[in-house]
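> There's a structure below that I have some questions on.
The values are calculated or read from the model by the stated rules, or taken from the named source; none is laboratory data. Not measured: the values here are computed from a predicted model. A quick note on method: Cβ atoms are made from the backbone with ideal geometry, for glycine too, and the neighbour counts reach across all protein chains shown. Remember, those area values only see protein heavy atoms, side chains included, never the ligands or the DNA or RNA. Shrake-Rupley method; radii C 1.70, N 1.55, O 1.52, S 1.80 Å.
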Amino acid sequence: MVGKYVYGTPFETDAVVVELEAVNGSPGYGAISLDSGFCFTCKLEPQDVVYGLGEANRGINKRGYCYVSNCTDMPEHTEDQRSLYAAHNFIVVSGSQTFGLFVDYPAKLTFDIGYTRMDTLIITCEEANLYLYVLEGETPYDIVKEFRRIIGQSYIPPKFAFGFGQSRWGYMTKEDYRKVAEGYRKNQIPLDMIYMDIDYMEAYKDFTLNHKNFQNFPEFVQEMKDQHLHLIPIIDAGVKVEKGYEVYEEGVKNRYFCQREDGSDFVAAVWPGDTHFPDVLNPEARKWFGDHYQFLTDQGIDGFWNDMNEPAIFYTPEGIQAAKDTIEAFLKDTQGDISIFEVRDAVLNLANNPRDYASFYHQVEGQLVRHDKVHNLFGYLMTRAAGEAFARIDPEKRFLIFSRSSYIGMHRYGGIWTGDNKSWWSHLLLNLKMMPSLNMCGFLYTGADLGGFGADTTRDLMLRWLALGVFTPLMRNHAAKGTRDQEAYRFEQVEDFRHMIEVRYRLIPYLYSEYMKAALEGDLYFKPLAFLYPEDAHATQVEDQLMLGNEIMIAPVYTQNATGRYVYLPEEMLFVKFLPDETLYKKILPAGHHYVEIALNEVPLFIRKGACIPLAQPAQHVEALDTTHMTLIGYPGSQYVLYEDDGVHKDYQNPENYRTLRL
Ligand code: GLC
């Protein structure tokens, strides 16, 4: 059951795709005040749990902190950060009352979940122009499924995107890419994708190739394809300001860029220096920007990642001027009126400054809309531009696309990665906790930068992170320029890395099948334990184990120097470890608490009582997986319904895609 409530004049975000009649009156949960903007308050009882918020900081249960939906370039996301790269305004309150809320509002929105007052949920935003969807159901799981129904089917990538990918900011030349390909293939470590970061472009200009380094690009794409490797280039939000550059010239001529109040094109500096932002809120401009992806698809490219689309701003000319004024005033100040901290802040606040976000406009149906009023839609609509373009370029083919920034609705067009993280053990745990929340908001194709993006990784962190990444649909190793090399073949005892990644490939038939079922049925790929064992008071507390699909539970190790961990089993399960000699350790464990030993080079999983999963032989790339000779592991007498398709086209509804395997 969904109730749709309308306040003021909401902005149409297209997050919800099901037509719903608006309901009059009050939602029946909490209290709403429109005295100053919009404010929803509701009492929380001590036992109430709050789920949701997708890509947000902290735990699966969001209680006890304050989260701000305001898409932000936030590489330093320590525990106190309230805004990350995305804005996913869906929560479920579970306990004394059980209900879901989706606040469809594209500007800054605050969820104070027992932070100011421990017994109160407070949702506030500046303007009372929004849709509030109130969802009811027996359980939080039912409510999530109902929410997924109204926001439409999640994006489905091609099957190769379930392989392993290597990325690094700093690969410059064809030779660099060849070395990566060789590093993997020579060491027999499976690989399907190599990501191309900004240096493949000419001066960081979107839809260009560096002439010196990437001559005969289609041949190079083919050379990689011959090794069963897909090159996945990055596309940034900002279009470089440069006379004669086609994309820039077209955008200026057709007024496709975001503008200042005086009608001039808004300038923001990002990687290329000064750029203009394509006005992806304007359908015509969105189509134009999307069509440019064809420059690369025509050369054989079949996957992309969209970046810097919060949109991130390093500085603006106006911001630089203001900082300069502050510094000059400080230098002339003989009275000590201006503190050094003011100077420091003037410089530090050059990036992603709210003042800048309030100084440019979008064209929406003939009206100018100030950016900060719709800020959280930019990454969504940039990725929608790409998704809609792919559907024009080749309607039957699936393309890989994922974005850094997102809003609910974007889950229909692409996946997301969780933005810049750090080589920190805490970010490995955050990665784990974020996954079910993302799924609740429709984002199924997701993953974090494995090993950590910023800072130097360590061998043990990399291995432990891979043991989680083995299960995330997007499994990509990515690192920042200047950090220690972290390709899998760079470490001591490379056989351990080969083993971890081989386990991924052995599991792909199962993971892909569960992904497809989740996408096609509006279900979750990752669930909190509480969703499957609602009666088990302890299961609802568990935040470091997840249910994956319908058959397994995962419990990765996320602590440095630990040789194992405690797990909680809500029911009897078969504990399986993939050992480095390719054999399996199997043991039935009764319900309850256990300490399990897990070495650095082992991948653990738990099969639910009465279930089984298929296992393939390892392969060097997805296409080489043999799904006709699989073994089943699990409980004797059980069966598994496998979903399998060609992984390339969109023939999802074919009944022949399902077959039953029996153990
Ligand atoms: C941003 C992206 C990161 C990328 C870098 C350079 O920080 O989040 O993934 O490597 O830009 O393009």
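> Would you mention how many residues in the range 244-280 are touching a helix residue (DSSP H, G or I) at 6+ places or on another chain (Cβ under 6 Å) and under 18 Å from residue 376 (Cβ atoms)?
Residues meeting the conditions: 3.
> Sticking with this one: Can you tell me which of (1) in contact with a strand residue (DSSP E or B) (Cβ under 6 Å, 6 or more places away or on another chain); (2) among the small types (Gly, Ala, Ser); (3) within 16 Å of the ligand (Cβ to nearest atom) is the one residue 128 doesn't meet?
Exception for residue 128: condition (3).
> Provide a single number: the residues in the range 537-561 that are in a loop (DSSP other than H, G, I, E, B) and either open to solvent by 30 Å² or more (accessible area, probe 1.4 Å) or on the phi > 0 side of the Ramachandran plot (or both). Give the derivation first.
Going through the range 537-561, the residues in a loop (DSSP other than H, G, I, E, B) turn out to be 537-538, 542-545, 549-551, 555-561.
Next cut, either open to solvent by 30 Å² or more (accessible area, probe 1.4 Å) or on the phi > 0 side of the Ramachandran plot (or both) only: 537-538, 543-544, 549-550, 558-561.
Selection size over the range 537-561: 10.
> Is it the case that some residue within the range 418-429 is more than 16 Å from the ligand (Cβ to nearest atom) and among the basic types (Lys, Arg)?
no
> Let me ask you something else. Tally up the residues in the range 383-422 that are farther than 28 Å from residue 92 by Cα and out of contact with any helix residue (DSSP H, G or I) (no Cβ under 6 Å at 6 or more places or on another chain), please. Give the derivation first.
Here is the first cut: in the range 383-422, the ones farther than 28 Å from residue 92 by Cα are 385-401, 422.
Filter again for out of contact with any helix residue (DSSP H, G or I) (no Cβ under 6 Å at 6 or more places or on another chain), leaving 387, 390-392, 394-398, 422.
Qualifying residue count, the range 383-422: 10.
> Same structure again: Somewhere in the range 33-51, is a residue at pLDDT 95 or above and within 20 Å of the chain's Cα centre (by Cα)?
Checking the range 33-51: at least one residue is at pLDDT 95 or above and within 20 Å of the chain's Cα centre (by Cα).
> Do you know which residues across the range 389-410 are more than 16 Å from the ligand (Cβ to nearest atom) and in a loop (DSSP other than H, G, I, E, B)?
First, the residues of the range 389-410 that are more than 16 Å from the ligand (Cβ to nearest atom): 389-399, 407-410.
Once the filter is applied, which keeps residues that are more than 16 Å from the ligand (Cβ to nearest atom) and in a loop (DSSP other than H, G, I, E, B), the range 389-410 yields 394, 395, 396, 398, 399, 408, 409.
Table: residues versus (1) within 16 Å of the ligand (Cβ to nearest atom); (2) among the β-branched types (Val, Ile, Thr).
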position: 457; (1), (2): yes, yes
position: 466; (1), (2): no, no
position: 470; (1), (2): no, yes
position: 473; (1), (2): no, no
position: 482; (1), (2): yes, no
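> From 387, 414, grab the single residue that is surrounded by 23 or more Cβ atoms within 10 Å (Cβ to Cβ), closer than 19 Å to residue 520 by Cβ and in contact (Cβ under 8 Å) with a residue 24 or more places away in the chain. Steps first, answer last, please.
Details: 387 fails: surrounded by 23 or more Cβ atoms within 10 Å (Cβ to Cβ).
Exactly one of 387, 414 is surrounded by 23 or more Cβ atoms within 10 Å (Cβ to Cβ), closer than 19 Å to residue 520 by Cβ and in contact (Cβ under 8 Å) with a residue 24 or more places away in the chain, namely 414.
> Taking the range 293-307 on its own, how many of its residues are under 25 Å from the mean Cα position of the chain (by Cα) and assigned to a helix (DSSP H, G or I)?
3
> While we're looking at this one, here's another question. What is the number of the single condition among (1) open to solvent by less than 10 Å² (accessible area, probe 1.4 Å); (2) in contact with an Asp or Glu (Cβ under 8 Å, 6 or more places away or on another chain) that residue 363 does not meet?
Of (1) open to solvent by less than 10 Å² (accessible area, probe 1.4 Å); (2) in contact with an Asp or Glu (Cβ under 8 Å, 6 or more places away or on another chain), only one is false for residue 363: (1).
> Within the range 230-273, track down each residue that is in contact (Cβ under 8 Å) with a residue 40 or more places away in the chain, in contact with a Pro (Cβ under 9 Å, 6 or more places away or on another chain) and either open to solvent by 10 Å² or more (accessible area, probe 1.4 Å) or closer than 27 Å to residue 167 by Cβ (or both).
Of everything in the range 230-273, those that are in contact (Cβ under 8 Å) with a residue 40 or more places away in the chain, in contact with a Pro (Cβ under 9 Å, 6 or more places away or on another chain) and either open to solvent by 10 Å² or more (accessible area, probe 1.4 Å) or closer than 27 Å to residue 167 by Cβ (or both) turn out to be 230, 236, 237, 238, 247, 267, 268, 269, 270.
> Residues in the range 21-77 that are closer than 30 Å to residue 481 by Cβ, open to solvent by less than 40 Å² (accessible area, probe 1.4 Å) and not hydroxyl-bearing (Ser, Thr, Tyr): how many?
9
> Here is a follow-up. Give just the number: which of (1) more than 25 Å from the chain's Cα centre (by Cα); (2) more than 16 Å from the ligand (Cβ to nearest atom); (3) within 16 Å of residue 236 (Cα to Cα) does residue 273 not satisfy?
Going through the list (1) more than 25 Å from the chain's Cα centre (by Cα); (2) more than 16 Å from the ligand (Cβ to nearest atom); (3) within 16 Å of residue 236 (Cα to Cα), residue 273 breaks only (2).
> Could you run through the range 421-453 and say how many residues are open to solvent by 10 Å² or more (accessible area, probe 1.4 Å) and either of a type in the set (D, E, K, R) or over 16 Å from the mean Cα position of the chain (by Cα) (or both)?
Residues meeting the conditions: 6.
> Okay, next question. Taking the residues in the range 623-659 that are closer than 29 Å to residue 397 by Cβ and among the hydroxyl-bearing types (Ser, Thr, Tyr) as candidates, determine which candidate is surrounded by the most Cβ atoms within 10 Å (Cβ to Cβ).
This residue is 640.
> Right, here's the next one. Can you tell me which residue in the range 78-125 is most open to solvent (accessible area, probe 1.4 Å), limited to those that are assigned to a loop (DSSP other than H, G, I, E, B) and among the polar types (S, T, N, Q)?
Just the residues of the range 78-125 that are assigned to a loop (DSSP other than H, G, I, E, B), to begin with: 78-85, 88-89, 95-98, 105-108, 114-119.
In the following step, the residues that additionally are among the polar types (S, T, N, Q) were identified as 78, 81, 83, 89, 96-98, 116.
On the way: 78: 55, 81: 45, 83: 17, 89: 1, 96: 62, 97: 68, 98: 32, 116: 96 Å².
It comes out as 116.
> So which residues in the range 411-437 are among the charged types (D, E, K, R) and in a loop (DSSP other than H, G, I, E, B)?
Here is the first cut: in the range 411-437, the ones among the charged types (D, E, K, R) are 412, 420, 422, 433.
Across the range 411-437, the qualifying residue is only 420.
> Are any residues in the range 169-195 within 16 Å of the ligand (Cβ to nearest atom), over 18 Å from the mean Cα position of the chain (by Cα) and not β-branched (Val, Ile, Thr), and if so, which ones?
Step one: filter the range 169-195 for residues within 16 Å of the ligand (Cβ to nearest atom), giving 169-172, 176-177, 180, 193-195.
When the remaining residues are screened for being over 18 Å from the mean Cα position of the chain (by Cα), the result is 169-172, 176-177, 180, 194.
If the condition is that a residue be within 16 Å of the ligand (Cβ to nearest atom), over 18 Å from the mean Cα position of the chain (by Cα) and not β-branched (Val, Ile, Thr), then 169, 170, 171, 172, 176, 177 are the ones that fit.
> Shifting gears a bit: Please pick out the residue among 356, 325 that is open to solvent by less than 20 Å² (accessible area, probe 1.4 Å), of a type outside the set (Gly, Ala, Ser) and farther than 30 Å from residue 648 by Cα. Break it down into steps so the answer makes sense when it comes.
Working: 325 fails: open to solvent by less than 20 Å² (accessible area, probe 1.4 Å).
So the residue among 356, 325 that is open to solvent by less than 20 Å² (accessible area, probe 1.4 Å), of a type outside the set (Gly, Ala, Ser) and farther than 30 Å from residue 648 by Cα is 356.
> For residue 495, indicate whether it is over 26 Å from residue 444 (Cα atoms) and away from the ligand (no atom under 16 Å from the Cβ). So that I can check it myself, show each step before the final result.
Values: over 26 Å from residue 444 (Cα atoms): yes; away from the ligand (no atom under 16 Å from the Cβ): yes.
Considered against the rule, which asks whether it is over 26 Å from residue 444 (Cα atoms) and away from the ligand (no atom under 16 Å from the Cβ), residue 495 comes out as yes.
> I've got another one for you. So, in the range 165-177, how many residues would count as being touching a residue at least 24 places away in the same chain (Cβ under 8 Å) and over 18 Å from residue 452 (Cα atoms)?
Looking only at the range 165-177, we keep the residues that are touching a residue at least 24 places away in the same chain (Cβ under 8 Å), and these are 165-174, 177.
Now drop any that are not over 18 Å from residue 452 (Cα atoms), which leaves 172-174, 177.
Count: 4.
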